[in-house]
C-alpha cells in the first residue's frame, strides 16, 4: 500500500527564519536570464541535439533576447567541444551575448574547458561540485571540509587560467560557482563553501562572482526554498561581491513558484530552459516565469511575441512535445469550452471594443493571446459543454456574422444538438454550415421567386408609401401578392396577409454588412412571434438590404411552419 510506504521518506527541515521579508515583496523587474537549454536541457534528451540543431537553437535563444547562454560541457565529449568551437570559429556569438561553459572541479577538465573557449570574447566559466549531505554520505564518503577543499582548488585553477587568458587575448571572462544540490545542503555549509570560493577568486563589488544555488532536486515547498535563499543572502559575508543566481528543477511540480519566490527572497539571476526541458521532471521554465511577469505589467526583457514559432523550433530540435494545456504555449490555453466561460470571454471582448480600455480586461484570459502571436478565433471552441453564446462568438470572430443576442439560444441549441450527434468538437466551418443550412438555404414551404419594390408619395398627406409586388410559390402553386406600407417590411407583411398568412407578428430586426466594398452584402435577422406566442428567427442575405430583410421574414416563417422539405 502506498500510504504505508511513505514512512521511509525523510521530510525536509525548515530554515529558521521567523523574520523573513520575502512574503511582503513583489517582483518589479526581471532578473538576469541564463538559458541552459543547450546543456542541462540537451543532456536530458533521449536523442541529444546534433550540431546544426544546437546552432539553430542558439540562434533562436539570441533572437528571444538571452544575453547569457550556457552552451554545453565542452570537456565532457567531442560533440560538446565541437559546438563551442563552431560558435566561436563561425563568429556566431553576438558581441552583447556571453556564452557559459560548465565544468566539474577537476583539473584536467578545467584545462580542457579553457582550450575550448579560446578566441571567445565574453565567457562565463561555470564550475561546480556537489555539496549535499546525501552525496557526501553515499557518493563521496567525505566530510564538508573535503568538499570545500575540492571547490577551493578548482577556484584556484580557474582563476589562474583566467588571468593567463585575459593577459593573452583580453577576453572578458567571468566566474560562476555552483554548490550542486544546494537545496540538499545544510544551509550554513552552503554559505561557508561559497564564502571560501569568493575569497579564492578575489571577488569584489566591481568584479562580482555569480553564486548559482541549484535546487538540483526539488525537495521542499517553494516557501522553504525562498527561506533558504533569503537566509543565504543575509548570512553571506561578501554579499556585495556576488550575484545570487537560481537554478530550480521541477521534481515537485513547483519549479515556477520556487523561481518566483526565490526572486522575492533576493536572487538576481535565473537559469532555466524553454518549456522546462531538463533532467527528470525538468528545469524551471523561463518562458513561464517571464510571461507571468509580463502578465503583471513587468517587462521580462525576453521576446515571446511569436511563441508558436519558438515552440516549433523547440519541438523540432528536442523532439519533445509541448502539451496542449501548457501555460501560454499549449494549443488549448486560450480556449474555452464551458458555456459560462464562453459568455464571459465574449462579453469581455465586446467590452474591450466598446470601451477602448488601455488595459486587458477579459475574464478567464490572463493575457491577450495576440501578445504571444495567437489569434482570437480559437478562444471559444464548441462541443457539447458549450453555452448558448459560444456558437455566436465563433460566427462573429471567424465569419463576421453578428447574431443578435436574442438569437443565441436558438442557434446555440442547434449547434449543441449537432455536437451531441457527432460526439466531438465542431470546427468553425461546421458551425457556419449549420447556420447556412438552417437559415440561408431554407426555401420551403414558401419561396419568393420574383419581387418588386417601389415608392410613391401620397398627395393628400405627403407621406411616402412603399409598394411590394411579387411571386410567392407555396403548395406547388405560384401566387401573385402585393401590399403597401410605411416601409419594405410593413409592405411585405401586408402582402402576405392577402393570401391568409396572418399568424406572425414582427418582434425585432437587425442587420449588418458582410464583407467590404462593392462586393459586400447585407445580412438581416428577423424575429417573429407566432399565434402560440413562440418566437423564431430567420436570416436573409442579399446585396439589396430591403430584399435581405424580406428573405429573413420568409426564412422565419418557413422555420416556424416546420415544413422545410422540398416540395
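The values are calculated or read from the model by the stated rules, or taken from the named source; none is laboratory data. Predicted model, so just to flag it, every value in this text is computed and none were measured. Glycine also receives a Cβ, built like all others from the backbone with ideal geometry; neighbour counts cover every protein chain displayed.
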Q.
Looking only at residues that are assigned to a helix (DSSP H, G or I) and surrounded by fewer than 16 Cβ atoms within 10 Å (Cβ to Cβ) in region 21-57, which one is nearest to the chain's Cα centre (by Cα)?
A. 56
Q: Sort out which residues of region 107-145 are within 16 Å of residue 200 (Cβ to Cβ) and either surrounded by fewer than 17 Cβ atoms within 10 Å (Cβ to Cβ) or not assigned by TED's automatic domain parsing to the domain that holds residue 243 (or both), and write them in order of number.
A: 107, 145
Q: Filter region 470-502 for residues that are under 53 Å from the mean Cα position of the chain (by Cα) and either within 16 Å of residue 558 (Cα to Cα) or part of a strand (DSSP E or B) (or both) and give the result.
A: 492, 493
Q: Please enumerate the residues belonging to region 332-369 that are farther than 18 Å from residue 391 by Cα, surrounded by 13 or more Cβ atoms within 10 Å (Cβ to Cβ) and at pLDDT below 90.
A: none
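Matching residues to (1) buried (at least 24 other Cβ atoms within 10 Å of the Cβ); (2) under 16 Å from residue 184 (Cα atoms); (3) outside the structural domain of residue 32 (by TED's automatic domain parsing); (4) in contact with a strand residue (DSSP E or B) (Cβ under 6 Å, 6 or more places away or on another chain):
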site: 214; (1), (2), (3), (4): yes, yes, no, yes
site: 220; (1), (2), (3), (4): no, yes, no, no
site: 240; (1), (2), (3), (4): no, no, no, no
site: 255; (1), (2), (3), (4): yes, yes, no, yes
site: 265; (1), (2), (3), (4): yes, no, no, no
site: 271; (1), (2), (3), (4): yes, no, no, yes
site: 274; (1), (2), (3), (4): yes, no, no, no
site: 286; (1), (2), (3), (4): yes, no, no, yes
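Can you say whether residue 531 is crowded, with 17+ Cβ neighbours inside 10 Å and assigned by TED's automatic domain parsing to the domain that holds residue 452, as far as the supplied structure shows?
It is false that residue 531 is crowded, with 17+ Cβ neighbours inside 10 Å and assigned by TED's automatic domain parsing to the domain that holds residue 452.
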(Q) Being at pLDDT 95 or above, assigned to a loop (DSSP other than H, G, I, E, B) and surrounded by fewer than 19 Cβ atoms within 10 Å (Cβ to Cβ): is that true of residue 303 here? (A) yes
**Q.** Number of positions in region 513-567 that are in a helix (DSSP H, G or I), closer than 17 Å to residue 474 by Cβ and modelled with pLDDT of 90 or more
**A.** 10
**Q.** Failed item, numbered, when residue 291 is tested on (1) at negative phi; (2) within 14 Å of the chain's Cα centre (by Cα); (3) in contact (Cβ under 8 Å) with a residue 12 or more places away in the chain; (4) not in a helix (DSSP H, G or I)
**A.** (4)
Q. Take the residues of region 72-98 that are in a loop (DSSP other than H, G, I, E, B) and touching a strand residue (DSSP E or B) at 6+ places or on another chain (Cβ under 7 Å): which is farthest from residue 273 (Cα to Cα)?
A. 75
Q: Looking at (1) part of a helix (DSSP H, G or I); (2) farther than 14 Å from residue 212 by Cα, find the lone condition where residue 228 falls short.
A: (2)
(Q) Consider region 155-184. How many of its residues are touching a helix residue (DSSP H, G or I) at 6+ places or on another chain (Cβ under 7 Å) and either more than 23 Å from residue 267 (Cβ to Cβ) or in a strand (DSSP E or B) (or both)? (A) 10
Q) Just to be sure, is residue 374 surrounded by fewer than 19 Cβ atoms within 10 Å (Cβ to Cβ), closer than 28 Å to residue 290 by Cα and in contact (Cβ under 8 Å) with a residue 24 or more places away in the chain? A) no
Q: Can you work out which of the residues in region 294-326 that are within 24 Å of residue 380 (Cβ to Cβ) and free of Cβ contacts under 8 Å to residues at least 60 places away in the same chain is nearest to the chain's Cα centre (by Cα)?
A: 326
